[in-house]
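Rule-based calculations on the coordinates, nothing more; no lab input. Bear in mind that the values here come from a model prediction, so they are computed numbers and not experimental data. So basically every Cβ, Gly included, is an ideal-geometry build from the backbone, and we count neighbours across all protein chains shown.
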Amino acid sequence: MERCFDLSRSIDLHQDSVSHTKERAIGGTMTGLIGLGDEVEWQARHFGLWLRMRVRITAFNPHTYFQDTMVKGPFRQFQHNHSFTEKNGGTQMVDRLAFQSPVPPLGKLIDILLLQNHLQRFLETRNQIIKSAAESELWRKYLSSPKS
């Protein structure tokens with residue numbers, strides 16, 4: 001569980017797992033593990049547009065839960081909850097994402113028709129890479145000197 005928790009907050013693994021969007025850290029904590037109060041600014045290409053978003057770790061309970069919240073970016077609201085529990089001898093990781101596009105009421109339609117599926121696929125791809133790293137020796141590349 002600790003390994004999955006730490007891999008999920010690794011800036012380096014995140015960048016590797018979402019290379020298809022050319023996402024990279026451009027400000028704040030730009031490498032290593034993020035923790036409570038840390039901020040990172042991301043730049044990525046989605047739907048042909050370059051977007052920037054700055055998030056802060058706003059809640060943090062080592063090895064079981066952390067939350068990142070957008071402090072600046074393209075959404076009206078964006079909050080991502082990461083929960084970790086032991087299950088059947090392994091780790092169950094659950095992502096809960098709450099977001100709203102910036103322009104209501106058109107934004108709600110965009111959220112439902114476009115963004116919801118896009119963000120779900122984005123997280124599923126990322127989480128599969130976290131799982132693969134956790135279950136192989138690849139985790140060592142990202143957690144050579146973990147901090148809590």
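In debye, nearest 20: dipole of the chain around its Cα centre with unit charges on the Cβ of K, R (+) and D, E (-)?
For this selection, approximately 360 debye.
Give, in nm to one decimal, the length gained when the segment between Leu123 and Asp95 is fully stretched (0.36 nm per residue of separation minus the Cα-Cα distance).
In short, 9.3 nm is gained.
Find how many whole Å separate the alpha carbon centroid of the range 16-75 from the alpha carbon centroid of the range 81-120.
15 Å
Once both labels are modelled 7 Å past Cα along the beta-carbon direction, what's the Thr58-Ile26 spacing in nm?
My value for the distance between the label points is 2.3 nm.
How big is the shadow of the Cα convex hull of the chain, averaged over all directions, in nm²?
The orientation-averaged projected area of the Cα hull of the chain comes to 8.6 nm².
If you scale each eigenvalue of the Cα gyration tensor by 5 and take the root, what three semi-axes come out for the range 42-129, rounded to whole angstrom and sorted largest first?
Whole-Å semi-axes of the equivalent ellipsoid: 26, 15, 13.
How many lysine pairs are close in the chain, with Cα atoms under 24 Å apart and the two 8 or more places apart or on different chains?
7
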